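One structure is given below, encoded as structure tokens.
Readers should treat all values here as calculations from the given coordinates under stated rules, not as data from a laboratory. None of the values given here were measured: they were computed from a predicted structure. Every residue, glycine as well, gets a Cβ built from its backbone with ideal geometry; the counts of neighbours run over all protein chains shown.
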Amino acid sequence: MPAGLGMEINVDYLAVCLLDLAGTVRHRAHLTTDQRGRTPAQTWSGLSALAKAASKAAAAEGLAIVGATVALPGLVSGHSAGQEVKIAPNLGWHETPVPARIDGIAVTAGNEANLAAFGELHATGLSSFVYVSGEIGIGAGIVVNGDLFRGTQGWAGELGHVTVDPAGPQCTCGSQGCLEQYAGEDAIRSACGPGLDLELRARNADPATLKALEHAGTALGVALSSAVNLLDLPVVVLGSHLAPLVPWLKAPIERELKQRVITSRWSSPEVVPSALGADAAVIGAARTVTEAIIANPAAHLSSVSR
Ligand SMILES: [Zn+2]
């Protein structure tokens, strides 16, 4: 049976996931490893090792990997061979080529928040929403009436670089006061002081953590209000590191949405956690491969018979 390979490069981990045509995850692997300070070649090589293990698992299960999509926290240009990561600020990548193949498998790359939104679209009954990916950076995937809205160059959804305060702190993108500087993982952690597990600290009502989450939620609400005013979306899905923090982020986000979205008196957007959690991007990436086969099985059959 054909299967799709999803891969993910993020600032502090690499991941792979093997999805069959029924949408079942047949293999997954996650490697916690900080990519900052590593060269792109070292990162691709780490991902290649995970792809090799996934190929072995596929063979053992009688699955044939027909393609792979890599989710990245950056802007990717091009559609097939010859793709380039224009910028991935938190990886330190600028105009970095995407290899055409990894471990012999044809690869395309896409933005991690867009791919996570694609995964959520297929995993939930939601047809219109903004998915917010909260890692070291903040990204968004916009789904309108069942379709991922990609923008003219596939670069839509840079919610993390929407201005919250024009006089705010310097951002890695070159601008100032971007949402990421208030609600990115590093920003929340540095606001609440040393300690690892944010969710646990919030459950224990640690005052500095609660204050940091209130501050981050307010900034998210301000930025999301602009997105909802522009795009008329009924649901905000909080993903990745933000998903377990929904109990503390929901109230400040909804407060800002109520205050700032002009249509909120009739229909205020709901804030929900991601259904797929931390795996949304890697599952969404694999899903692009399987959905392409389902959408056009004849093309797939002719490619394998050649
Ligand atoms: Zn920025």
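Summary of values
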quantity: Span from the the stretch 1-55 Cα centroid across to the the stretch 214-230 one, whole angstrom; calculated: 32
quantity: Debye equation applied to the C-alpha atoms of the stretch 1-153, log10 I(q)/I(0) at 0.08, 0.09, 0.17 Å⁻¹; calculated: -0.21, -0.27, -1.02
quantity: Share of alpha-carbon pairs per 10 Å distance bin for the stretch 213-304, given as whole %; calculated: 16, 34, 24, 15, 9, 2
quantity: Helix-derived mean residue ellipticity, 222 nm - over the chain, DSSP H n ≥ 4, -39500 (n - 2.57), to 500; calculated: -12000 deg cm²/dmol
quantity: Sequence-separation-based contact order of the stretch 1-134, relative, with Cα cut under 8 Å and 6+ spacing, percent; calculated: 22
quantity: Most mobile listed residue (Leu196, Leu210, Leu257) in the chain, GNM with C-alpha springs under 10 Å; calculated: Leu196
quantity: Cα pair distances of the stretch 125-276 binned at 5 Å [whole percent]; calculated: 2, 10, 20, 23, 21, 15, 7, 3, 0, 0
quantity: Cys17, Cys173, Cys178 arranged by Cβ crowding within 10 Å, fewest neighbours leading; calculated: Cys173, Cys17, Cys178
quantity: The chain - convex hull of the alpha-carbon atoms, volume per residue in Å³; calculated: 134
quantity: Amide proton proximity set for Val271, modelled H, under 5 Å, gap of 5+; calculated: Val236
quantity: Percent RCO, i.e. relative contact order, over the chain, from Cα pairs under 8 Å lying at least 6 residues apart; calculated: 19
quantity: Among Pro244, Pro169, Pro234: highest mean-square fluctuation, GNM of the chain, C-alpha pairs under 10 Å; calculated: Pro169
quantity: Sequence of Phe129, Phe149 once ranked by neighbouring C-beta atoms within 10 Å, starting from the fewest; calculated: Phe149, Phe129
quantity: Cα gyration tensor, the stretch 75-185 - rounded (a/c under 1.5), prolate or oblate; calculated: oblate
quantity: Area projected by the alpha carbon convex hull of the stretch 175-249, averaged over all directions, nm²; calculated: 5.3
quantity: Sum of side-chain charges, Glu120 neighbourhood, beta-carbon under 12 Å (Lys, Arg +1; Asp, Glu -1); calculated: 0
quantity: Residues of type lysines that Lys211 reaches as a straight line, Cα spacing below 21 Å, ignoring anything fewer than 8 places off in the same chain; calculated: Lys250, Lys258
quantity: Spread of Cα-to-Cα distances over 10 Å intervals beginning at zero, given as percent, for the stretch 1-80; calculated: 18, 48, 29, 5
quantity: Taking Lys56, Lys250 and counting other C-beta atoms within 10 Å, the order from fewest to most; calculated: Lys56, Lys250
quantity: The chain: most fluctuating residue of Ala68, Ala216, Ala22 per GNM, C-alpha cutoff 10 Å; calculated: Ala22
quantity: At least 15 Å along the helix axis (C-alpha) and Kyte average at least -1.0, DSSP helices within the chain; calculated: 40-60, 112-123, 207-231, 246-260, 280-295
quantity: Whole-Å distance, taken between Cα centres, linking the stretch 265-306 and the stretch 79-156; calculated: 11
quantity: Alpha-carbon Rg with Dmax, taken over the stretch 39-117, Å; calculated: 13.0, 39
